[in-house]
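Q: For reference, the structure I am asking about is given below.
The values are calculated or read from the model by the stated rules, or taken from the named source; none is laboratory data. From a predicted model like this one, the values you see are computed outputs, not experimental measurements. For the accessible areas, the whole protein counts, side chains as well, though only heavy atoms, and no ligand, DNA or RNA atoms are used. Shrake-Rupley method; radii C 1.70, N 1.55, O 1.52, S 1.80 Å.
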Amino acid sequence: MEGKLAHQPAASTPAAVSGRSIATRAKLISVAEMLFATRGVQAVSLNEINKAAEQRHGSACQYHFGNKDGLIQAILDKHVPPIAEQRNVLFDAMEREGGAPRLEQVVRAFVRPVAAKLLDPDGGKEFIRLNAQLVATHSAPVGAEVQVLFRAPQTGRLHRMLELAMRQRKIPPHVSARRLILAAVMLYHGLADYSHVLEATGGLDPEQVEHFSRDLEAMILGALVAPFDKREQADGK
């Protein structure tokens, strides 16, 4: 979920809220995560979320988030900053080593904090499954001056590190941008689909998640550095 926000839901981050309001927002977000992940964003209405969250106020979602887009943005705002914080720890270590980051290192920082969400009991798995629905239609090329519907907080450093590492591999910017979108799709769909497999065979196991994360890193790295049509390097298509 990379890019700029086309509109910012007014109710997504109120200046001052009561403890009861905070609890209500958290419950609505939790219920929405589960319903969006299991049934799909388009199939779930705000009214259903209100009822499932046992809200007497029939417009609770609208009051707290404005609309469905505002509610989805609130889910992203809950999960993406902690992922960015974990990535920053890895990026800090890379920068202490000096020199340009290796693409293998950046891909690891790209994959591992998201994969760890599969084991987060506070909606982590649901966040991954939701983002798998959104990533293809709401992602923009890294660095592109285009607008997308949702924003992913604190992802600027990831953009810069990926761009730098791809330049070190001499991959043209337009090819790099296209492949980084594919990498995001591979990441979220891979983890979402694999989580279903693990649940069907006995549940999410940390060791299995670790093994799959390693395989996913290798597959994404391979997709990023695969040979490309050299004519693109010359004509910039």
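Q: Length gain on complete extension for the stretch Ala218 to Lys51, per 0.36 nm per residue less the alpha carbon to alpha carbon distance? List each step's numbers first, then the result.
A: Working: separation 167, 0.36 × 167 = 60.12 nm, distance 4.32 nm.
Length difference between fully extended and current span is 55.8 nm.
Q: Moving to a separate point now. Where does the stretch 55-107 land on Rg/Rh, using Cα atoms and the Kirkwood Rh? Provide the component values of the computation, followed by the final result.
A: Details: Rg = 18.6 Å, Rh = 13.9 Å.
Across the stretch 55-107, the Cα-based Rg/Rh ratio is 1.33.
Q: Here's a follow-up. Principal axis extents for the stretch 12-125, Cα atoms only, whole Å, descending order, please.
A: On the principal axes, the stretch 12-125 reaches 57, 33, 22 Å in Cα extent.
Q: Please tell me which of these pairs span more than 25 angstrom C-alpha to C-alpha: Lys68/Lys125; Lys125/Lys170; Lys78/Lys125; Lys78/Lys170?
A: On the way: Lys68/Lys125 20 Å; Lys125/Lys170 35 Å; Lys78/Lys125 13 Å; Lys78/Lys170 36 Å.
In this structure, Lys125/Lys170; Lys78/Lys170 lie more than 25 Å apart at Cα.
Q: Then there is this: Please report the orientation-averaged projected area of the stretch 166-237, defined via the convex hull of its C-alpha atoms, in nm². Don't skip to the answer; put the middle values down first.
A: Working: hull surface 21.3 nm².
Average of the hull's projected areas for the stretch 166-237 equals 5.3 nm².
Q: I've got another one for you. With all protein chains present, calculate the accessible area of Ser30 using a 1.4 Å probe and round the result to the nearest 10 Å².
A: Number for this one is 60 Å².
Q: Per-residue accessible area for Val175 at 1.4 Å probe radius, Å² rounded to 10?
A: Counting only protein heavy atoms, Val175 exposes about 0 Å² to solvent.
Q: Please calculate how many Å² of accessible area the stretch 60-215 carries per residue, with a 1.4 Å probe and no DNA, RNA or ligand atoms counted. Mind showing how you got there, number by number?
A: Details: 6980 Å² over 156 residues.
For the stretch 60-215, the per-residue accessible area is 45 Å².
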